[in-house]
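Quick notes on the structure that follows.
The values are calculated or read from the model by the stated rules, or taken from the named source; none is laboratory data. Note that the structure is predicted; figures quoted are calculated from it, not measured. Glycine also receives a Cβ, built like all others from the backbone with ideal geometry; neighbour counts cover every protein chain displayed.
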There are 2 protein chains.
Amino acid sequence: MTTEIPDIVIGRLPIYLRELRQLAREEKQLTTSSHELGRRLGISSAQIRKDLSHFGEFGKQGTGYHIKYLIEQLQQILHLTQEWPVALIGAGYLGHAIAHYNGFQHRGFRIAWVFDNDPAKIGVEMNGLTVQSIDELEETIQQNHTKIAIIVVPANVAQKITDRLVTAGVESILSYAPINLKVPNHVHVSYSDPVVQMQQMTYYLQPPNSR
Amino acid sequence: MTTEIPDIVIGRLPIYLRELRQLAREEKQLTTSSHELGRRLGISSAQIRKDLSHFGEFGKQGTGYHIKYLIEQLQQILHLTQEWPVALIGAGYLGHAIAHYNGFQHRGFRIAWVFDNDPAKIGVEMNGLTVQSIDELEETIQQNHTKIAIIVVPANVAQKITDRLVTAGVESILSYAPINLKVPNHVHVSYSDPVVQMQQMTYYLQPPNSR
């Protein structure tokens, strides 16, 4: 019998992991507490203890959490003990920025392939990778059992690219296209749309014309 | 007496707005229903009706929602009837991509200023904007009453830049720096970290070594 862990709990684990690594780097300390983590993250310590308790007993009353151990445990829970190769679809400005982003290494990911349909971009080198034709998408993904893709394509082709990725075996998609994608149940999609994020904040601002 | 509307409800409004505009563009139809919207978004129709009911009566039993009217109402609720000028901090690869992103227009935002501290980048033209020195940050923001900023700077300077923005009057920050930022209560921060988003999905994947 397994207990289903809520998605929202899983969603907070990478935040804990990032903060623990930050803490280890900044403070050179060996242990932390749910109170310290909570204060740094703006999350209640009770929430952190409850989230972690789904996976085992990681801390001790009085001494708290051993940072290095908790980092390792979170990496295991999130399947980050090995590096995941990632297919990047789209070699425009944002694709270029993602290919050059140095925040993936040591955090579980490596951009391994870049695809585009623009003849002017195919063959171009991008941070050590050569942009491949989108025609090679399925073969490359199937041969390498690639499970993760980042989509940085225009909205009007995003669904078609998603369908091709899913058919080829991809199960996790990070999409920067500003549309909602349809995928089967076994596939997870995470969206990044700066406009949606900013629109969620303007609600709380006084509109410019009322000043 | 005002009723506080949950942040999570506000968070879904931009998604509804984006889908309504997509629907209007694609289907050339004048009306929609909570069922159609829900089906397209993977959200229950009851949830959509409940979210919208916080703000008034937008639809009619039988005829549903008039798309254009609901778009206008959502734009008003989210304070998007005028364009917000946005300060972009950081003119690296990602800053470059954001400065060139054409998804802001008609959705309520316009990148109005770009700042960097790198003498090699200051003065460079970026999609019609000239990169300004970070020394001009406070003056520019105060003079223009800028309320929104996008941070695309390394993690180790992100907090310092945030403090400067908040002191100058910024109240909404979209941060691409992979750290948790400390801000006063009246300031909203939204984070975009591709690694966190991908780590939230690898939990559901079989680790590569178990294949």
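Within segment B:176-211, the only residue that satisfies the criterion of being within 7 Å of chain A (Cβ to nearest Cβ), closer than 30 Å to A:ASN144 by Cα and among the small types (Gly, Ala, Ser) is B:SER192. Taken residue by residue, segment B:93-101 has at least one member that is among the hydroxyl-bearing types (Ser, Thr, Tyr) and under 16 Å from the mean Cα position of the chain (by Cα). Could you list, in sequence order, all residues of segment A:76-91 that are surrounded by 18 or more Cβ atoms within 10 Å (Cβ to Cβ) and within 10 Å of chain B (Cβ to nearest Cβ)? Answer for segment A:76-91, where residues must be surrounded by 18 or more Cβ atoms within 10 Å (Cβ to Cβ) and within 10 Å of chain B (Cβ to nearest Cβ): A:ILE77, A:LEU78, A:HIS79, A:LEU80, A:TRP84, A:VAL86.
Using the structure shown, decide if B:ILE71 is over 15 Å from the mean Cα position of the chain (by Cα), more than 7 Å from chain A (Cβ to nearest Cβ), modelled with pLDDT of 95 or more and within 24 Å of A:ILE179 (Cβ to Cβ). Here the answer is yes, as B:ILE71 does meet what is asked. Which of the residues spanning segment A:41-94 are within 18 Å of A:ARG12 (Cβ to Cβ) and touching a Pro at 6+ places or on another chain (Cβ under 7 Å)? Within segment A:41-94, A:LEU78, A:HIS79 qualify. Just one residue in the set A:LEU17, A:LEU41 is surrounded by 11 or more Cβ atoms within 10 Å (Cβ to Cβ), touching a residue at least 60 places away in the same chain (Cβ under 8 Å) and under 23 Å from B:GLN159 (Cα atoms); that residue is A:LEU17.
Return the residues of segment B:56-86 that are among the hydrophobic types (A, V, I, L, M, F, W, C) and free of Cβ contacts under 8 Å to residues at least 24 places away in the same chain; say none if nothing qualifies. B:PHE58 - this is the single residue of segment B:56-86 that is among the hydrophobic types (A, V, I, L, M, F, W, C) and free of Cβ contacts under 8 Å to residues at least 24 places away in the same chain. A count restricted to segment A:122-149 and to residues that are among the hydroxyl-bearing types (Ser, Thr, Tyr) and within 12 Å of another protein chain (Cβ to nearest Cβ) stands at 1. With the condition kept exactly as written, say whether any residue in segment A:133-154 is part of a helix (DSSP H, G or I), in the same structural domain as A:HIS96 (by TED's automatic domain parsing) and touching a Gly at 6+ places or on another chain (Cβ under 8 Å). The answer is yes, given that some residue of segment A:133-154 is part of a helix (DSSP H, G or I), in the same structural domain as A:HIS96 (by TED's automatic domain parsing) and touching a Gly at 6+ places or on another chain (Cβ under 8 Å).
One residue stands out in segment B:112-133 among those that are aliphatic (A, V, I, L, M) and surrounded by fewer than 21 Cβ atoms within 10 Å (Cβ to Cβ): the one that is nearest to the chain's Cα centre (by Cα), namely B:ALA112. For A:ASP118, the conditions (1) outside any loop (DSSP other than H, G, I, E, B); (2) among the acidic types (Asp, Glu); (3) over 24 Å from B:ASN180 (Cα atoms) all hold with the exception of (1). Scanning segment B:121-132 for residues that are in a strand (DSSP E or B), touching a Gly at 6+ places or on another chain (Cβ under 9 Å) and within 22 Å of A:ILE98 (Cα to Cα) turns up B:MET126, B:VAL131. Scanning segment A:150-175 for residues that are crowded, with 19+ Cβ neighbours inside 10 Å, within 21 Å of B:GLY103 (Cβ to Cβ) and away from chain B (no Cβ under 13 Å) gives A:ILE161, A:THR162. Against the definition (small (Gly, Ala, Ser), farther than 27 Å from B:ASN185 by Cβ and either crowded, with 16+ Cβ neighbours inside 10 Å or within 21 Å of the chain's Cα centre (by Cα) (or both)), how does A:GLY59 come out, yes or no? Judged against the criteria, A:GLY59 is a match. For segment A:35-88, filtering for residues that are of a type in the set (Phe, Trp, Tyr) and touching a His at 6+ places or on another chain (Cβ under 9 Å) leaves 1. Only one entry in B:PRO194, B:PRO184 is modelled with pLDDT of 95 or more and buried (at least 19 other Cβ atoms within 10 Å of the Cβ), namely B:PRO194. Could you tell me which of the residues B:ASN185, B:ASN180 is assigned to a loop (DSSP other than H, G, I, E, B), among the polar types (S, T, N, Q) and either assigned by TED's automatic domain parsing to the domain that holds B:ARG21 or touching an Asp or Glu at 6+ places or on another chain (Cβ under 7 Å) (or both)? Criteria check complete, one pass: B:ASN180.
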